[in-house]
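Okay, structure first, notes after.
Values quoted throughout were computed directly from the atomic coordinates according to the rules given, and no laboratory measurement underlies them. Not measured: the values here are computed from a predicted model. Neighbour counts run over all protein chains shown; Cβ positions are idealised from the backbone, glycine included.
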Amino acid sequence: MANTPTPSGAQDEGAELSTDLARALENGEFFLVYQPTIDLQTNAFAGVEALIRWRSPQRGVVSPDLFIGDLESSGIIVPVGRWALGVACSQGAVWHDRGYRFAVSLNISRLQFETEGFVDDVAKAISASRFDPFLLVLEFSQATILDDTKSALPLLQGLKSLGVRIAVDDFEPGRSSLDALQEFEIDIVKLDRTFIAGISNSKTAPSLVHQLVQQSKTRKVQIIASGIESAQQREELQLEEVDIGQGYLFSMPHEAEEIDRFLEDFAIFSGKPL
Ligand code: C2E
Ligand code: CA
């Protein structure tokens, strides 16, 4: 990568960020944190979503909202996404080898998905780690799948043939529909955080969730509610028979060692720690 001189003006901050990001992968500055997902009916630990962080020597730990866009526009998301896939599968296999059988979910950017060799990358990450492919969940935005369905369909079929599961992120009942996704054999739909944030004050949200859950049962799609922050939200979703929940109410994202402690607590409390 080009080594640009250190810019001083604020407008060059973007360029500086890009230069730093270009070096971050080889310098080992990225790491993954994992946020638990919980079975809302039984309180059992259901899995984790892997989320990337950047430990920048200049900036400290940076959240992905501040750098994913840059990784995508520069194309660096492709090698970084490949790295994340390897780490998530290896960590999933470590947990699995210790007797924990839960899903590890990973976000996949559109550019990564559309880059030639993506399905092979997934196959290689699975075989290198010996992680059970059924426990690997790949999360895509609806736009990644629906904007170019002709290209998306064979790629998703390739992934499904490896045995991995597919999740659709940012699903908003009322705006999104399971019908539109039917041909893609989606396994999991993740209810959007902003939708969950408004659920307690909305007259329409509970019936929208109710309809979605009924549809999901006939289509064998699992529903995960993201961004649960309050006991009230959790109760409403539980009443509507939503399968799985994720959010600060249960746990923040943590590094793998802290998830280990979380898992030990689960064992101590015999599945009812919440
Ligand atoms: P996302 O896929 O929607 O991930 C969930 C985000 O919601 C995470 O933010 C998580 O920390 C946050 N969150 C979880 N529970 C709550 C809650 O109760 N309340 C609120 N307000 N937020 C909650 P994070 O880690 O900052 O990630 C932001 C986005 O960056 C992700 O959104 C995802 O789109 C992207 N991202 C993260 N890791 C990766 C990655 O490895 N690859 C790619 N391509 N994108 C990633
Ligand atoms: Ca996600």
So, in Å, what gap is there between the alpha-carbon centers of segment 168-242 and segment 42-110? 23
Using modelled backbone amide H atoms (1.01 Å from N, in-plane), which distant-in-sequence or interchain residues come within less than 5 Å of Ile76's amide H? none
Considering only DSSP states other than H, G, I, E and B, which trypsin sites (Lys or Arg not before Pro) in segment 45-105 qualify as loop sites with at most 16 other Cβ atoms within 10 Å? Arg59, Arg98, Arg101
For segment 33-40, what does the Karplus curve 6.51 cos²θ - 1.76 cosθ + 1.60, with θ = phi - 60°, yield as ³J(HN,Hα) per residue in whole Hz, taken in order and with x for Gly and Pro? 10, 10, 10, x, 10, 10, 6, 5
The chain: most fluctuating residue of Ala93, Ala84, Ala197 per GNM, C-alpha cutoff 10 Å: Ala197
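Ignoring everything except DSSP H segments at least 4 long, calculate the 222 nm mean residue ellipticity for the chain; use -39,500 (n - 2.57) per segment, divide by total residues, nearest 500.
-13000 deg cm²/dmol
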Out of all DSSP beta bridges with both ends in the chain, state the antiparallel percent to the nearest 5. 40
Skipping prolines and chain starts, which residues have an amide H placed within reach, meaning under 5 Å, of the one on Val62, given they are 5 or more residues away or on another chain? Trp54, Arg55, Ser56
